[in-house]
Amino acid sequence: MAQTTGKKSIVILGGSYAGISTAHYVLKHVLPSLDSSYEVLLVSASTQAFCRQACPRALLSDAYFPQEKLFVNIADQFTRYPPSTFRLLHATVTALDTTARTVTLSSPLSSPLSSPPSTLPFHTLVIATGATTPSPLLGLSTNDTPSLRAHWAAFRAALPSALTIVIAGGGPSGVEVAGELGAHLNPPSWRDYLPILSAPPAPRVAITLVTSAPHLLPHLRPSIAATAEGYLARLGVTVVKSTRVVEAEAVGGRTRVVLSGGREVEADLYVPCLGTVPNTGFVANKGLLAADGRVRTNPKTLRVDGAGKGARVYAVGDASDFARPAVHSALAAVPVLGANMKRDLLGVEDGEDRAFEEETREMQLVPIGPGKGVGAVMGYRVPSWFVWLLKGRDYWLWTTGGTWSGKQFEKE
Ligand SMILES: Cc1cc2nc3c(=O)[nH]c(=O)nc-3n(C[C@H](O)[C@H](O)[C@H](O)COP(=O)(O)OP(=O)(O)OC[C@H]3O[C@@H](n4cnc5c(N)ncnc54)[C@H](O)[C@@H]3O)c2cc1C
């Protein structure tokens, strides 16, 4: 058994945007309303949190971002709370039993916080284990930072000799990765933007972005997608639409990419950006999961109703089906989850639960290299400079300090 303190454990699974934010919110706004018999336990497979949104650029070179801002130690973000109220467990959750009310943990032997594989009882549970991308370049998954850095190092080592690159997936990750690779490998000159010389320059490296959809960026209107395609062309990226990658096979250091229709491309580098798989394999009761593997969550209250009435099980972030996966959705949901958890822990039955409302208007910002970008905010198309200002210049790194430290949740 994991070391227990005899306290009622509010166990939060996952140490990224959703889990860290929930931990801060509960420590600041829920625990002070309860008696001293409660503690918060944050379980994270990684000792560090990082600005995942920055991956498309960060994977290319450490020079693009201050590394101490890109990666932060989770433990350092919680030093202000009394030690009796918070513990960080560096471990992977391997099983969740909502009937026995336990999670099974496997701790890496190398961990500074290491303890043997163990069973941890919970009083209250938040599932915030996020989702894994098919490419190991774009997230921590269930690994720690060294593993991500090793994947980046191998990719960077292969870049100088790469002449053909294929990226699969026309969503924001695929477009951002293609744009950053284009800007890094085929840097545009000012002449490339003059309308009079409108033919795109011949790229040094041929970068192909393949999407099964009829246009890029399916959550944005087609005219915005068309602008994105124009910006990509300036960076030597060719977009192949209405085409699927049906097979990608490693052959002698290259990748044979087979496209629907039978065309084959031999790529020096292949980056699959084809959506994500939720990190919920440890949920034993598969009835708690939606068809896509995310935890079925009440989209208003953030409770996992399938765990039973009064079960005190919640889910948020990419592991949950409460909303479309996005950082802004998770951060907006955390105060709602916290308020409803507080009601449950205090046994409040009168009045209304706090309700989450998903932002469903057209909303996405997509940088295309360091200089350009497309997007919409609250249903309004925004200009390229606006995308640069908010996101493209540092991929939201200007916001993550407040998220990791909990400053963002100072107010209830
Ligand atoms: C390339 C890319 C760019 C993106 N850009 C944007 C953007 O610009 N704007 C936006 O809103 N969203 C963006 N997203 C989506 C955004 O990154 C996710 O919505 C966000 O990371 C979800 O946060 P999360 O906390 O739910 O999960 P994650 O960030 O996926 O983190 C989950 C955490 O849980 C840990 N974990 C997983 N399994 C276990 C386990 N079994 N036991 C213990 N710990 C575990 C992991 O180590 C990880 O630290 C982007 C995603 C990608 C891949």
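The values are calculated or read from the model by the stated rules, or taken from the named source; none is laboratory data. Just so it is clear, the structure is predicted and the values come from calculations on it, not from any experiment. Note that each Cβ is placed from the backbone with ideal geometry, even for glycine, and that neighbours are counted across all protein chains shown. Ligands, DNA and RNA are excluded from the accessible area calculation, which covers all protein heavy atoms including side chains. Shrake-Rupley method; radii C 1.70, N 1.55, O 1.52, S 1.80 Å.
Each residue in region 387-397 was checked for being part of a helix (DSSP H, G or I), in contact (Cβ under 8 Å) with a residue 12 or more places away in the chain and open to solvent by 30 Å² or more (accessible area, probe 1.4 Å), and 2 pass. Exactly one residue among 390, 346 is within 16 Å of the ligand (Cβ to nearest atom) and out of contact with any Lys or Arg (no Cβ under 9 Å at 6 or more places or on another chain), and that residue is 390. Quickly run through region 213-261 and pick out the residues that are among the polar types (S, T, N, Q), under 25 Å from residue 382 (Cβ atoms) and surrounded by fewer than 16 Cβ atoms within 10 Å (Cβ to Cβ). Selection gives 223 alone.
Would you confirm whether or not region 82-105 contains a residue that is part of a helix (DSSP H, G or I) and either within 18 Å of the chain's Cα centre (by Cα) or more than 10 Å from the ligand (Cβ to nearest atom) (or both)? No, because not a single residue in region 82-105 is part of a helix (DSSP H, G or I) and either within 18 Å of the chain's Cα centre (by Cα) or more than 10 Å from the ligand (Cβ to nearest atom) (or both). Scanning region 398-412 for residues that are in contact with a helix residue (DSSP H, G or I) (Cβ under 6 Å, 6 or more places away or on another chain) and open to solvent by 50 Å² or more (accessible area, probe 1.4 Å) gives 408, 412.
Does residue 383 satisfy the criteria of being within 14 Å of the ligand (Cβ to nearest atom) and under 21 Å from residue 219 (Cβ atoms)?
Values: within 14 Å of the ligand (Cβ to nearest atom): no; under 21 Å from residue 219 (Cβ atoms): yes.
Judged against the criteria, residue 383 is not a match.
For region 1-52, give me every one of the strands (runs of 3 or more DSSP E) that falls completely inside it and has 3 or more residues that are within 24 Å of residue 283 (Cβ to Cβ).
8-13, 38-44
Residue check: is residue 343 in a loop (DSSP other than H, G, I, E, B) and either basic (Lys, Arg) or under 30 Å from residue 187 (Cα atoms) (or both)? First the steps, then the outcome.
Numbers: in a loop (DSSP other than H, G, I, E, B): no; either basic (Lys, Arg) or under 30 Å from residue 187 (Cα atoms) (or both): yes.
Judged against the criteria, residue 343 is not a match.
Scanning region 123-174 for residues that are near the ligand (Cβ under 10 Å from one of its atoms), hydrophobic (A, V, I, L, M, F, W, C), part of a helix (DSSP H, G or I) and within 23 Å of residue 211 (Cβ to Cβ) yields a count of 2.
Hey, among the residues in region 267-321 that are of a type in the set (Val, Ile, Thr) and within 19 Å of the chain's Cα centre (by Cα), which one's nearest to residue 336 (Cα to Cα)? Quick ask: steps written out before the conclusion?
In the first step, residues of region 267-321 are kept if they are of a type in the set (Val, Ile, Thr); the result is 271, 276-277, 280, 283, 295, 297, 301, 304, 313, 316.
With the extra rule that they be within 19 Å of the chain's Cα centre (by Cα), the set shrinks to 271, 276-277, 280, 295, 297, 316.
Details: 271: 36, 276: 25, 277: 25, 280: 22, 295: 17, 297: 13, 316: 10 Å.
Once the filter is applied, the top-ranked residue is 316.
Taking the criterion of being free of Cβ contacts under 8 Å to residues at least 60 places away in the same chain, open to solvent by 10 Å² or more (accessible area, probe 1.4 Å) and touching a Phe, Trp or Tyr at 6+ places or on another chain (Cβ under 9 Å), the only residue of region 8-44 that qualifies is 31.
Looking for something within 30 Å of residue 34 (Cα to Cα), among the small types (Gly, Ala, Ser) and within 23 Å of the chain's Cα centre (by Cα) - is there at least one such residue anywhere in region 334-349? Yes, region 334-349 contains a residue that is within 30 Å of residue 34 (Cα to Cα), among the small types (Gly, Ala, Ser) and within 23 Å of the chain's Cα centre (by Cα). Cβ-Cβ contacts under 8 Å between residues 6 or more apart (or on different chains), taken from a first residue in region 303-327 that is at positive phi to a second residue that is more than 16 Å from the ligand (Cβ to nearest atom) and assigned to a helix (DSSP H, G or I), are listed as 310/344; 312/341; 312/344; 312/345.
Would you confirm, using the coordinates I've provided, whether residue 283 is more than 29 Å from residue 245 (Cα to Cα), open to solvent by less than 60 Å² (accessible area, probe 1.4 Å) and in the same structural domain as residue 22 (by TED's automatic domain parsing)? Yes: the conditions hold for residue 283. Looking only at region 290-343, filter to residues that are away from the ligand (no atom under 16 Å from the Cβ), touching a strand residue (DSSP E or B) at 6+ places or on another chain (Cβ under 8 Å) and open to solvent by 20 Å² or more (accessible area, probe 1.4 Å); which one of those is farthest from residue 99 (Cα to Cα)? Filtering first and then ranking leaves 303. Taken across region 48-67, residues that are under 19 Å from the mean Cα position of the chain (by Cα), away from the ligand (no atom under 16 Å from the Cβ) and open to solvent by 30 Å² or more (accessible area, probe 1.4 Å) do occur, with at least one present. Restricting to region 362-372, and then to whatever is part of a strand (DSSP E or B) and within 11 Å of the ligand (Cβ to nearest atom), can you tell me which residue is surrounded by the fewest Cβ atoms within 10 Å (Cβ to Cβ)? Applying the filter and picking the extreme gives 364. A search for C-beta distances below 9 Å between a residue of region 233-245 that is farther than 20 Å from residue 180 by Cα and in the same structural domain as residue 178 (by TED's automatic domain parsing) and any residue that is in a strand (DSSP E or B) and open to solvent by 30 Å² or more (accessible area, probe 1.4 Å), counting only pairs 6+ apart in sequence or on different chains, returns 245/270.
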